[in-house]
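Please read the structure below before turning to the comments.
The values are calculated or read from the model by the stated rules, or taken from the named source; none is laboratory data. No experiment lies behind these values; they were computed from the predicted model shown. Neighbour counts run over all protein chains shown; Cβ positions are idealised from the backbone, glycine included.
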Amino acid sequence: MIVAALRNFVRRPLAPLPDWVRVAWTRWGSAAVITIWTLMVVIATVQRGVLSQEHTTWPIFRQSYSHLLAGVDLYRYYPSEQGTGAADLFKYSPPWALLHGAFSPLPFALGLLLWNLLNATVLFAAVRALLPKPQATLALLFMSPWLLHAVQSSSSNALVAGLVVMAYLNIERRNLWGAAFGIAAGTLIKIFPVAAVSFALFRPGKLRFALALTVMFVALIALPLAVVTPDSLLFQYANWQRMVTLDENDLVFGRSVLELIRTLSGTEMPNWPAQLVGSALLLVPPLLRRDRWNDAEYRMRFLCSLLVFAVIFNHQAEHQSYIIAATGVALWFVTAERRELWRVAILAGCLIGYEAVPYTIAWVAMMVELLAAAPAMGWNLRATPARPRPGYAP
């Protein structure tokens with residue numbers, strides 16, 4: 001009897017609970033998660049913006065706008081303008097520096113609070129728009145520890161995760177311009193969101209999407225011309241290109257599969273071979289199972305796989321980067337029809353284990369399911385429109 005109850009709990013976590021608990025979760029779970037996320041944002045802001053300002057990430061972001069206006073190299077060390085922590089560099093595109101013009105004039109702590117709120121809000125809204133409320137609430141709860149890591153580091157990773165999910169959601173809703181904005185904006189923050197282009201590869205309307213994406217990239221790339229000269233902007237892009245090349249050749253930094261392979265093999269293997277293999281593997285399931293690509297559930301699984309892939313094969317992955325992969329694992333878990341013990345074990349490992357190992361196991365499980373295209377997840381995607389637009393129907 002006890003074993004049967006445990007098995008039932010593993011497969012349907014809310015089923016064995018009393019009715020009043022399940023009703024309370026349905027009614028108040030979302031409010032509880034909003035409260036938890038808001039508290040984490042406030043606590044992280046007080047920690048990094050009030051009690052101590054030695055953490056360098058937010059000062060680097062904050063000063064990037066003034067450096068862009070002054071026409072000085074965005075990608076140099078400016079230790080006198082940072083906190084007392086380890087010196088670091090600005091590594092994002094010039095449009096990203098322009099974005100911080102909305103935060104730079106504000107007091108340090110207030111700007112940081114609004115920045116952290118932006119990151120958390122975009123990700124929260126993306127997940128809530130994608131999933132029915134009970135599943136979304138559960139997914140957001142599982143993601144909470146990793147959101148705390150992300151906002152404690154003042155990082156952009158929650159924002160990037162939200163943009164990727166929003167790009168997927170907009171492709172599902174046939175909003176090509178919205179999807180193009182999400183992918184272009186995410187790519188100009190961190191290069192790897194360009195992989196979200198794969199959401200549209202096996203869908204109708206590819207040429208129109210390619211046009212929308214090209215226009216959006218050009219518009220965002222040129223956006224800093226509103227405050228700088230063409231020569232100054234070209235100077236910054238040349239410096240950014242050098243920064244990207246420098247990062248690509250970094251064989252020391254990163255909490256990813258690449259670092260794990262080098263550690264286990266004792267070699268100095270460059271990043272690109274494993275990244276090339278990983279990219280090819282990512283596309284194998286949709287290429288071999290194109291017959292399933294019209295299935296919204298199958299596309300949802302591919303989203304989960306891509307979110308995890310984007311981190312475990314990122315040579316610059318950090319602890320706070322794993323909010324992106326955690327989003328993929330949480331979506332994968334809560335949308336499964338059967339929550340077997342092995343799924344629970346993978347989820348638990350991703351919550352508490354060394355990041356690269358459990359998240360790689362999770363990615364392999366997702367890839368196997370994509371190739372097998374089974375079992376069905378058993379719920380309807382909110383993203384799938386009832387009446388597709390003419391000319392873009394699946």
Take Ala161 and tell me if it is out of contact with any Ser or Thr (no Cβ under 7 Å at 6 or more places or on another chain) and either under 21 Å from Val334 (Cα atoms) or modelled with pLDDT of 90 or more (or both).
no
Looking at the stretch 252-289 only, could you name the residues that are in a helix (DSSP H, G or I), under 19 Å from Trp363 (Cα atoms) and among the hydroxyl-bearing types (Ser, Thr, Tyr)?
Ser279
Of everything in the stretch 79-92, what is crowded, with 16+ Cβ neighbours inside 10 Å and either touching a Pro at 6+ places or on another chain (Cβ under 9 Å) or modelled with pLDDT of 95 or more (or both)? Give them in sequence order.
Gln82, Gly83
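Results for (1) part of a helix (DSSP H, G or I); (2) modelled with pLDDT under 70; (3) surrounded by fewer than 20 Cβ atoms within 10 Å (Cβ to Cβ); (4) not charged (D, E, K, R), shown as yes or no for each residue.
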site	(1), (2), (3), (4)
Ala4	yes, yes, yes, yes
Val21	yes, yes, yes, yes
Ala32	yes, no, yes, yes
Thr35	yes, no, yes, yes
Val42	yes, no, yes, yes
Gly49	yes, no, no, yes
His55	no, no, no, yes
Ile60	yes, no, no, yes
Tyr65	yes, no, no, yes
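Listed here are the residues, each with its yes/no results for (1) part of a helix (DSSP H, G or I); (2) within 15 Å of the chain's Cα centre (by Cα); (3) of a type in the set (A, V, I, L, M, F, W, C).
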| position | (1), (2), (3) |
| --- | --- |
| Tyr75 | no, no, no |
| Gly101 | yes, no, no |
| Val122 | yes, yes, yes |
| Ser154 | no, yes, no |
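Go through the stretch 105-149 and report how many residues are among the aromatic types (Phe, Trp, Tyr), modelled with pLDDT under 95 and out of contact with any Gly (no Cβ under 8 Å at 6 or more places or on another chain).
The initial filter retains those residues of the stretch 105-149 that are among the aromatic types (Phe, Trp, Tyr), namely 108, 115, 124, 142, 146.
Now drop any that are not modelled with pLDDT under 95, which leaves 108, 142, 146.
Now drop any that are not out of contact with any Gly (no Cβ under 8 Å at 6 or more places or on another chain), which leaves 142, 146.
Qualifying residue count, the stretch 105-149: 2.
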How do the pairs read when you match residues in the stretch 269-296 that are more than 21 Å from Tyr168 (Cβ to Cβ) with residues anywhere that are surrounded by 16 or more Cβ atoms within 10 Å (Cβ to Cβ), using Cβ under 6 Å and keeping only pairs 6 or more apart or on different chains?
Met269/Arg262; Asn271/Leu258; Asn271/His315; Ala274/Leu258; Gln275/Phe313
Candidate set: the stretch 170-217, residues that are under 21 Å from the mean Cα position of the chain (by Cα) and among the β-branched types (Val, Ile, Thr); chosen: the one modelled with the lowest pLDDT:
Ile191
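Is there a residue in the stretch 195-202 that is out of contact with any Pro (no Cβ under 6 Å at 6 or more places or on another chain) and under 27 Å from Gly101 (Cβ atoms)? If you could, list the steps in order and put the result at the bottom.
Here is the first cut: in the stretch 195-202, the residues out of contact with any Pro (no Cβ under 6 Å at 6 or more places or on another chain) are 195-201.
Those still in the list that are under 27 Å from Gly101 (Cβ atoms) too: 196.
Yes: one or more hits.
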